[in-house]
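Here is the structure we will look at.
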Amino acid sequence: MTLVALLAASVYSLARTPDAPDPLAISAQGIGPLQIGRPYDEAAELAVRVAPDNALAGIGCGGLDEVRYSGQLQGRPVSAMGMADKGKLVEIELTLDAPLQARSEAACVALRDEFAAPFVARFGPVEKSWEERKPVSREHLAATGPVVLAARWFATGGSCYVSAHYGYGASLSAADAAW
């Protein structure tokens with residue numbers, strides 16, 4: 001049993017080396033190893049190194065290359081995703097995995113504002129906020145530094161999706177170009 005524990009610890013320490021970045025470190029270019037402009041292959045390799053238990057890389061939304069892993073940011077479950085076009089990351093998204101429901105639209109926006117705290121601490125107060133009405137949702141967006149924070153409210157079902165984006169919308173235009 002001791003040998004198994006030592007072997008597991010060795011594999012973990014090799015997979016997550018001391019010089020590997022924090023998987024959820026907030027910077028001006030992205031989250032952890034997912035940095036705008038970073039080559040896709042390099043980002044995928046670093047993601048596996050910093051999140052060996054759950055990193056995935058392959059074809060994702062809209063046929064774009066995607067790197068994804070999960071973790072905890074300030075005690076909340078999150079998923080980090082980088083989307084690439086022409087071999088480089090063009091958009092980074094950090095999504096709150098739970099809760100996914102809110103009592104009201106205002107509660108959904110309040111959840112986004114709580115989630116925004118580390119970004120506001122890093123980049124300063126929200127500089128701009130706006131709302132986009134979609135056929136089945138309302139998106140409440142706020143910008144701080146290079147990040148757009150989103151609260152997507154779906155009144156039917158009370159669904160609330162909260163996320164932070166670097167390169168907001170870049171993957172959508174890249175996906176259109178790819179098709």
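The values are calculated or read from the model by the stated rules, or taken from the named source; none is laboratory data. The structure presented is a predicted model; accordingly, all values stated were derived computationally and were not measured. Reconstructed Cβ throughout: ideal geometry from the backbone, glycine too, with neighbour counts over all protein chains shown. For accessibility, only protein heavy atoms count, side chains too; no ligands or nucleic acids. Shrake-Rupley method; radii C 1.70, N 1.55, O 1.52, S 1.80 Å.
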The one condition in (1) within 28 Å of D65 (Cα to Cα); (2) over 16 Å from the mean Cα position of the chain (by Cα); (3) loosely packed, with under 15 Cβ neighbours inside 10 Å that R138 fails to fulfil:
(3)
Please return the ranges of strands (runs of 3 or more DSSP E) entirely within segment 89-179 where 3 or more residues are touching a helix residue (DSSP H, G or I) at 6+ places or on another chain (Cβ under 9 Å).
138-144, 147-154, 159-166
Among (1) at pLDDT 95 or above; (2) within 13 Å of the chain's Cα centre (by Cα) - the single one Y168 does not satisfy:
(1)
Against the conditions (1) open to solvent by less than 60 Å² (accessible area, probe 1.4 Å); (2) over 30 Å from D41 (Cβ atoms); (3) of a type in the set (F, W, Y), where does W130 fall short? Just the number, please.
(1)
